[in-house]
1. Which of the residues that make up segment A:147-174 are buried (at least 20 other Cβ atoms within 10 Å of the Cβ) and assigned to a loop (DSSP other than H, G, I, E, B)?
2. Hey, B:Tyr140 hits all of (1) more than 9 Å from chain A (Cβ to nearest Cβ); (2) closer than 25 Å to B:Thr28 by Cα; (3) not in a helix (DSSP H, G or I) but one; which does it fall short on?
3. Filter segment A:431-484 down to residues that are touching a strand residue (DSSP E or B) at 6+ places or on another chain (Cβ under 8 Å) and aliphatic (A, V, I, L, M) and give me whichever is nearest to B:Glu31 (Cα to Cα).
4. Tally the residues that are in a loop (DSSP other than H, G, I, E, B), within 21 Å of the chain's Cα centre (by Cα) and over 13 Å from B:Thr181 (Cβ atoms), restricting the search to segment B:81-100.
5. It is to be established whether one or more residues within segment A:441-459 are within 13 Å of another protein chain (Cβ to nearest Cβ), under 22 Å from B:Ala158 (Cα atoms) and within 20 Å of the chain's Cα centre (by Cα).
6. Return the total of residues in segment A:477-519 being among the charged types (D, E, K, R) and touching a residue at least 12 places away in the same chain (Cβ under 8 Å).
7. Of all residues in segment A:277-333, which are in contact with a helix residue (DSSP H, G or I) (Cβ under 9 Å, 6 or more places away or on another chain), more than 30 Å from A:His263 (Cβ to Cβ) and polar (S, T, N, Q)?
8. Across segment B:20-49, what is the number of residues that are more than 8 Å from chain A (Cβ to nearest Cβ), out of contact with any helix residue (DSSP H, G or I) (no Cβ under 6 Å at 6 or more places or on another chain), assigned to a helix (DSSP H, G or I) and without any contact (Cβ under 8 Å) to a residue 40 or more places away in the chain?
Amino acid sequence: MLTALLVLGVFFGMMSVALHKNSSESTPQEKLKEQYAHKVKASVDHSLFPQLKKKFIKPQQVTAECISCHNGRAAEVMHSTHWSWERVEYIAGKGIRPLGKRTVLNNFCIGISGNEQSCNKCHIGYGYANAKFNFKDSLNVDCLACHDNSSTYIKAAGGAGMPDSSVNLSYVAQHVGKPQRTNCGTCHFFGGGGNNVKHGDLEKALFDPSRNVDVHMASDGSDMQCVDCHTAEKHQMLGKMYSVSSMNRNRVECERCHSAMPHTDDVLNKHTLKVACQTCHIPTYAKVNPTKLYWDWSTAGKLKNGQPYEETDSSGTDVYMSIKGSFVWGKQLKPDYVWFNGTATHYLVGDTLDPSTPLKLNELYGSYDDPDAKIYPVKIHRAKQIYDVKNNYLIQPKTISNKPGDGGYWKEFNWQRASEEGMKLVDLPYSGKFGFTETEMYWPVNHMVSPKDQTVKCMECHTRENGRLANLSGFYLPGRDYNPWVEWLGGGMLVLTFAGVLLHGGARIIIGRKRKDTH
Amino acid sequence: MKKEYVYQAFERFWHWTQAALIIFLGVTGFEIHGSIRFFGYDQAVRYHNTASISFLVLIVFAIFWHFTTGEWRQYLPTWKNLRAQAEYYIFGIFRNAPHPTKKSVLSKLNPLQKLVYAGLKVLVIPVMVLSGLLYMFYRYPQRYEVLSLNIDGLQAVALLHTIGAFLLVSFFIVHLYLITTGRTVTSNLKAMITGFEKLSNEPEERKIEIHKTEMSEVIQ
C-alpha cells in the first residue's frame, strides 16, 4: 500500500511538471505593460506657432490654420463615420443599406431627424443643424473636439456642434495633441443625454479610473487612452458599436494584443474558442455610476401647474422627466450573455413591427453551432417607445423645439404634433394614431475590464442553478447540463445497489447469529 | 492450511493505485458534473485531468503486465459454474454453503467475477477512456489558436462519460461489499494487501460436510 501511494505520488509529480509550462522569462502580459508604460511625448509644441496665437472669431478659422499645415487630414476626417454618421453596411435579409446615427433609430432619444440642433452637439463638425448640412466643406471639421489637450474645449448645448461661447479658441489651438480619454469621453460617456445612459461600460468614471474599474485605463496603472486600442489609420478609427452597425469588420479585439491563447492554463485557453475575453474579464459593468436599463416614453408629458418637472431617486438619479418619461437605472450589473458572431440585423426606419412582442432594434446574430460565434456579455436596454398603430412602424418624433409651433415635444408635450413633424422629416406617412411598443437594444460590453483576481469564477457558469449562462442553450455546458434520464436511472441504480448490499449483508449477519445459537 | 502467493507485487500496486485513482476521479468527476462540491470547480477540473492522465499511464502498464504474464486469461468469461455462483450469492451464502468455485493461483476469479471484470475491461473502461479523451481533447490548443474536432459539442460524449461513471460507482459499492464474502470476512482484503492467501481446501471440505448434514436434516 505504501509503495502504491509512493508511486502514485511520483505519477502526480510527473504529470504536474509536464502540464505546467516553464515561466522564467517575462510574460507577454509584462511586455505589454512595459510597452504601454512608455508614453509618447509630442514632437512639436503648438504654443510656439505664431499663427495659433491670434484671436479666432469663428472655430472654422482654427480649422483653416490646422489644415494649412496638416493638409489632407480634413479629407480623411470627412471619410470617417465620426463625420458622415453613416456607413454602408450589409444587413442580412435587407441588403446593402446606409447605417449610422444619421439613419437609424434607437430606444433612447430615438433619432436625430428634426433634433439635430441638440443631438449633433456631438458631431465632429460645426453646424450640423439639419439635414441640409454641407458635408463637403472641410472648414466645418472640428479638429479641436478630439485634439484639445487643454481640457477646456467644450461644445455648446443645443449648438449643433459649435463650441461653447466660453471656449478660448486660441488657447485650445495652442494646446493640441493626441486624443486623450477626456476628448473621446466628452461625447462617448454621455450618449443618450447623460452620463453612462447608453453603454453602461463607458462613463465619466473612466476619466480617472482605478484598476478595479478598468485595468487598461487605470490612472494608477497602465493609464491607457482610448486611442491605444482604438487605433486610427488616416483618421479611420478602429472599432464601432452595433447600435449603428451590422457587419463583422473593423472590430477592436483583445486578441490583437493578448493573442488567442493568453492563459498559461490550456483549459482556459480552450474557452477562447467559444467564449469572448469580455465574458470572463468583465464580471460587472456600470461599476461606478448607474446606467439606464429601461426607458418608458409612454409616461412622458405629465405636467405640474402646466410646467414640466423631474423626479430623482434617493441617489439623485432621474427616474422621471416630463420631457422623456420614466427610467429604471442599474449599477454594478452582471451582463446578459448572447451568442454573437459579429453580425447584427437592424431595424430601419419604415420597417414594419409586431407590437405583440418586444422589437429588437439591433438583434445580434450567433449560436453555438456557428463557428464564428462566441459568448459575449451585453447590456440589454429595454424601452417603450412611440409607434404608428395603423402603419405598424416606429415613429421618429420631433423632440426638441427650435421655434414656437414647430411641434417639438419637449416644449409642446403633444405626441400628435411631434409625430406629424418628425415623420415628415423621414418621408413617411403618419396615420394619426400612435401607441407605445416595447423595444430592446443590445449593447456589447467591452470596457471596464477587471483585474485578474476579479474575473468570473468557473462556478459562476459551471453550476446547475442560476449560473451566468443559464439562458444560453444549444450546447452542453459541464456542471450546468445533465440528462435527467441518466441522473434518475444512475442515481436509482446507486440507491438500489447500496440497499441490496445492506440487505444482503444484514441477512448474512442475522442468519449467522441464528446458526451460532442453534449449533 | 497452506498460504499461497496469489497476488503479485505489480498486481497489488496496480489494484490499489487504480482504486485510489478511480475514487479520486469519481469525486472530482461528480464535482465537475455538478452533483457535489468539494475541491472547487477549477481545482476539480485540474485534478481530474491530471488523475486521468495518471490513470492512462497505469492502464498502459497494466495491459503490458496482463499480456506478458498471460494473466489476461483469468478474465475469460465462462458459463461453467456461473449459475452455481449466482445461486451461491442468492441462497448458499446464507446457509453457510461452500464456495462453488475453488480459488487457486491459476484461477483467482469466480465465473461472476470473470464476467463483471471482463465487462469492465472491454466495455466500461474503454468507453470512459475514449469519452474522457474526447472530452479533454476535442478542443486542442495549437501554437497560435485553438482547434476543434467536429463532434457537434459535448452532449453525447458527456452523457457516455456520466453513464460510465454511475456504473463504476455501482461496481465500487458491490466490490467493497464482496470483500467480506471470502473464506473469512477479512481474508480477501488481507490477500490483496500482502499477496498471500490461505487457499487450503480443508475448511471448505469440512464446510461441505456440515452443509450436507444440514441439508439431510432439512430433508428429513
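Since every read-out is calculated from the coordinates, none of them should be taken as a lab result. Keep in mind it's a predicted model, so treat the numbers as computed, not measured. Methodologically, a virtual Cβ is constructed for each residue, glycine included, from the backbone with ideal geometry; neighbour enumeration extends over all protein chains shown.
1. A:Tyr153, A:Ala160, A:Gly161, A:Met162, A:Val167
2. The single condition B:Tyr140 does not satisfy is (1).
3. Restricting to residues being touching a strand residue (DSSP E or B) at 6+ places or on another chain (Cβ under 8 Å) and aliphatic (A, V, I, L, M), the top hit is A:Leu469.
4. So the answer is 1.
5. No, because not a single residue in segment A:441-459 is within 13 Å of another protein chain (Cβ to nearest Cβ), under 22 Å from B:Ala158 (Cα atoms) and within 20 Å of the chain's Cα centre (by Cα).
6. Counting residues in segment A:477-519 that are among the charged types (D, E, K, R) and touching a residue at least 12 places away in the same chain (Cβ under 8 Å) gives 1.
7. Hits for segment A:277-333 are A:Asn289, A:Ser322, A:Ser326.
8. Here the count works out to 2.
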